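The values are calculated or read from the model by the stated rules, or taken from the named source; none is laboratory data. Quick caveat, the model's predicted, so the values are computed rather than measured. Glycine gets a Cβ as well: all are built from the backbone with ideal geometry, and neighbour counts include every protein chain shown.
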Amino acid sequence: APDQELKDDLLEGEEEHHDVLEVREINIDIRKIISDLRNLDWSKVVWRNVILFSLLHVYSVYGAYLALFATQWSTLGFSVILYFMAALGITMGAHRLWSHRSFKATLPLRMILALCQTVAFQNDIYEWARDHRVHHKYSETDADPHNARRGFFFSHMGWLMYRKHPHVIEKGSRLDLSDLEQDAVVMFQRKYYVPLVVTTCFVLPAVIPWLGWGEHPLTALMVAGFLRYTIVLHVTWFVNSLAHWVGTKPFDKHIYPSQNPVVAYLTLGEGWHNYHHVFPWDYRAAELGGIINYNMTSLAIKACSKVGLAYDLRTVSPEMIEKRINRTGDPNYVPLYAKTKT
Ligand code: ST9
Ligand code: ZN
Ligand code: ZN
């Protein structure tokens with residue numbers, strides 16, 4: 001029955017919007033992979049990145065082995081702390097603050113978030129936010145840096161090993177980024193990005209466990225450095241791949257982004273991607289903040305606003321959400337806040 005429902009849903013959408021809505025499946029079709037590889041423009045592959053990502057994954061597999069069999073508990077705990085720091089630097093900092101301006105942050109909070117965002121090593125805040133704004137404005141077109149129409153792998157990590165489509169740069173350069181240019185924290189981090197990222201993502205994660213509790217520095221580098229970095233990367237990339245492919249679409253059924261609880265869980269609340277693309281200025285990036293939506297990022301923003309570090313948190317009214325559900329989404333969907341009220 002759920003399959004039939006899904007089919008009906010898709011057919012219904014297809015009649016009205018056959019240009020946008022397609023049935024997408026993640027299936028491993030060897031013949032398609034071979035033909036895709038044949039059609040690939042190899043001159044656009046950035047081999048330096050292919051090699052670096054390959055090495056990173058080799059080191060991370062070794063890191064996983066060490067984590068299981070040869071790492072001190074303190075180092076594992078330290079790696080988990082770094083995971084949460086990097087994750088919040090991305091979700092709360094690069095994403096909800098700097099890309100979407102869904103709340104305002106005082107200077108001390110911006111400094112902390114910039115430090116955390118550097119630990120994540122996902123390009124400097126300016127570049128991250130520029131790519132993300134162009135992704136929202138031109139989703140699933142050539143101007144989207146990780147256009148999901150180009151396949152699961154491309155939207156996951158392939159785009160980071162391939163020259164950008166000229167439309168990305170063309171449309172991206174027309175964006176208004178003056179708010180980022182006026183933010184001294186963002187511009188400082190951009191100016192000194194390379195030394196900052198090497199220090200915070202790799203050097204300190206190796207040195208702190210070594211001097212702090214006598215861990216072997218190479219073990220610490222493999223686990224708290226490379227393995228932790230790789231996990232945060234894949235989890236982040238899942239938002240662009242999985243959450244643009246798999247999940248329900250209660251708010252707008254004509255777009256790719258979907259509600260994906262697994263991704264939400266892993267990303268501290270960033271998997272409610274159908275909602276987020278419809279209402280990108282909502283600081284919760286979901287109908288609800290807090291534990292119920294695995295939305296640790298919202299909790300963190302709220303906690304910061306309680307102590308005066310964050311302010312002007314923006315949300316969307318229930319009426320507006322309901323209107324949108326009826327206009328473009330699934331009218332049978334019962335919003336979460338309505339469920340929790342009763
Ligand atoms: C990484 C980023 O992993 C991941 C981002 C994921 C986003 C996810 C969003 C989901 C929502 C939030 C959820 C978060 C969940 C987190 C959970 C955590 C637990 N506009 O780039 P170049 C111009 S990074 C305007 O070299 P190529 C610009 O003038 C990983 N202009 O293009 C630029 O010069 P500059 C680590 C633009 O040659 C010039 O073009 N980093 C734009 O085609 C050339 O740019 C890496 O691996 C734009 N959008 O190369 C590095 N873009 O900037 C990977 C460019 O100096 N990147 N321009 O003014 C590269 O090596 C290259 O960019 C390339 C393309 C090979 C991909
Ligand atoms: Zn998206
Ligand atoms: Zn976003």
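Looking only at region 225-247, decide whether some residue is over 16 Å from the mean Cα position of the chain (by Cα), in contact (Cβ under 8 Å) with a residue 60 or more places away in the chain and assigned to a loop (DSSP other than H, G, I, E, B). No - not one qualifying residue is present in region 225-247. Meeting the requirement of 1 or more residues that are over 20 Å from the mean Cα position of the chain (by Cα), the helices (runs of 4 or more DSSP H) wholly within region 117-192 are 166-172, 178-181, 184-191. Give just the number: which of (1) surrounded by fewer than 16 Cβ atoms within 10 Å (Cβ to Cβ); (2) within 16 Å of ligand 2 (Cβ to nearest atom); (3) of a type in the set (Lys, Arg) does residue 163 not satisfy? The failed condition is (2). The criterion of being out of contact with any Phe, Trp or Tyr (no Cβ under 9 Å at 6 or more places or on another chain), within 9 Å of ligand 1 (Cβ to nearest atom) and either of a type in the set (Ser, Thr, Tyr) or at pLDDT below 95 (or both) does not hold for residue 126. Considering region 213-226, and only residues there that are among the aliphatic types (A, V, I, L, M) and in contact with a Phe, Trp or Tyr (Cβ under 8 Å, 6 or more places away or on another chain), the residue that is nearest to ligand 1 (Cβ to nearest atom) turns out to be 224. Note on region 114-152: among residues that are under 10 Å from residue 93 (Cβ atoms) and without any contact (Cβ under 8 Å) to a residue 60 or more places away in the chain, the one that is surrounded by the most Cβ atoms within 10 Å (Cβ to Cβ) is 129.
May I ask you to say which residue of 326, 274 is touching a strand residue (DSSP E or B) at 6+ places or on another chain (Cβ under 8 Å), of a type outside the set (Phe, Trp, Tyr), assigned to a helix (DSSP H, G or I) and under 25 Å from residue 140 (Cα atoms)? Within the list 326, 274, the selection yields 274. Taking the residues in region 116-160 that are on the phi > 0 side of the Ramachandran plot and of a type outside the set (Gly, Ala, Ser) as candidates, determine which candidate is nearest to ligand 2 (Cβ to nearest atom). Per the stated criteria, the residue is 140.
Checking each residue in region 267-294 for being modelled with pLDDT under 95 and hydroxyl-bearing (Ser, Thr, Tyr) picks out only 294.
The single residue among 229, 192, 162 that is near ligand 1 (Cβ under 10 Å from one of its atoms) and under 22 Å from residue 114 (Cα atoms) turns out to be 229. With respect to the conditions (1) surrounded by 14 or more Cβ atoms within 10 Å (Cβ to Cβ); (2) on the phi < 0 side of the Ramachandran plot; (3) modelled with pLDDT of 95 or more, residue 10 falls short on a single one, namely (3). In region 27-113, counting only helices (runs of 4 or more DSSP H) that sit wholly within it, the ones holding 1 or more residues that are under 30 Å from residue 281 (Cα atoms), more than 18 Å from the chain's Cα centre (by Cα) and in the same structural domain as residue 196 (by TED's automatic domain parsing) span 73-88. Given the structure, is residue 31 closer than 19 Å to residue 161 by Cβ and without any contact (Cβ under 8 Å) to a residue 12 or more places away in the chain? The answer is no for residue 31. Considering only residues in region 243-257 that are away from ligand 1 (no atom under 14 Å from the Cβ) and of a type in the set (A, V, I, L, M, F, W, C), the one that is nearest to residue 270 (Cα to Cα) turns out to be 246.
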